[in-house]
Amino acid sequence: MADAAPSAAEAPCGRRGVALITGAGSGFGLLTSLELARAGYTAVAGVRTLAKAAPLLAQARAEGLDVRVLPLDLDDDASIAAAVVAAEAVGPVEVLVHNAGVCLLGAVEHIQSQELAQQFSTNVFGVVALSRAVLPAMRARGRGRIIAISSGAVYAPMPMLAAYAASKAALDAVMDGLRLEVRARGIAVTTLHPGVYRTGFLGHSDWTAADQGADSPYAVAFANVQRRNAESVAAAVGDPRAVAHAVCRAALARRPPIQATVGGDARMTRLLWWLLPRRWWDAIIARYLGV
């Protein structure tokens, strides 16, 4: 841990305070940690294992940014409590970024209860637990920003992605309720809905598939969805730093947005979902995915 980040005694907290980011070992979390550090925050980056933080720390050192790393497992209440204590020891947590998440791919019929529970444990229950841990200090100071990275998948749930979309829809509902509960206490809550970017999320260790079975009636559809997902990522042209920039804008804005859609594909999906009759939408998806 000594090589991971300077201690509170070794370096002062950033002029804007501390930004605590989950899932910071790669993808949006890594980019967001760097962007917030560039904006003047001390970025306290939570990762499940410290070894995952090597690329983030290398980039932070190269730019001379104040980025610190600590272990944070959203499925472990003790880890959450310890991480918040460690972050507050560096300085006041002014910004909390919920980025960590897992994705379960598979037909609803094949998803086991424990798999669904794991999906919600990380994507929803852990978010609530971490928010609960930072809110007392934010309320006492009368200020704070909580920013959740949800998904464009909530606009139009796709076959084989029902569990993931459901967890992100639940995350949205939690953030909306929380936003109304804390708005009078100087705390703003923003939810971001990114589209598809090349972040390494597909094929990542946090992307799992339910056991379809060799004789599954959904085998063809499952394979088609996997193929289309891979093609979407390969064809993605957007810069994933757009999500980090959106987080930073929400952190710094005098009046941060309630929600924001990031990425042309997510905006188009949202528009078509609202404009097209559901039967038309179903036909388009069925033809595209071969289901």
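What the table shows:
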{"item": "Estimated distance in nm for a label pair at Ile258 and Ala140, the labels positioned 7 Å out from Cα along Cα-to-Cβ", "result": "3.1"}
{"item": "Amide proton proximity set for His98, modelled H, under 5 Å, gap of 5+", "result": "Ile147, Ala148, Ile149"}
{"item": "Highest-MSF residue in the chain out of Arg15, Arg279, Arg38 [GNM, Cα springs under 10 Å]", "result": "Arg279"}
{"item": "5 angstrom amide H check on Val69, placed H, neighbours 5+ away", "result": "Ala5, Ala45"}
{"item": "Largest-first ellipsoid semi-axes for the range 18-289, taking √(5λ) over the Cα gyration tensor eigenvalues, angstrom", "result": "32, 20, 18"}
{"item": "Computed over the range 18-289: relative contact order in percent, which uses C-alpha pairs under 8 Å that are six or more apart", "result": "20"}
{"item": "Ranked list, fewest to most other Cβ atoms within 10 Å of each Cβ, for Met268, Met158", "result": "Met268, Met158"}
{"item": "Placed amide H near Thr261: partners under 5 Å, 5+ positions off or other chain", "result": "His193"}
{"item": "For the chain, calculated [θ]222 nm from helices alone, where every DSSP H run of n ≥ 4 adds -39500 (n - 2.57)", "result": "-14500 deg cm²/dmol"}
{"item": "³J(HN,Hα) computed for each position of the range 51-59 - Karplus, 6.51 cos²θ - 1.76 cosθ + 1.60, integer Hz, glycine/proline x", "result": "4, 5, 8, 4, x, 4, 5, 4, 5"}
{"item": "Selected from Gln112, Gln226, Gln259 as most flexible by GNM, with the chain as the system and alpha-carbon contacts under 10 Å", "result": "Gln112"}
{"item": "GNM result for the chain, Cα springs below 10 Å: residue of Leu30, Leu72, Leu105 fluctuating most strongly", "result": "Leu105"}
{"item": "Per-residue ³J(HN,Hα) for the range 253-261, Karplus 6.51 cos²θ - 1.76 cosθ + 1.60, θ = phi - 60°, Hz, x for Gly and Pro", "result": "5, 5, 10, x, x, 6, 9, 8, 9"}
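Computed from the coordinates by the stated procedures, all read-outs in this text should not be read as laboratory data. None of the values given here were measured: they were computed from a predicted structure. As a convention, Cβ positions derive from the backbone with ideal geometry for all residues, glycine included, and neighbour counts pool all protein chains shown.
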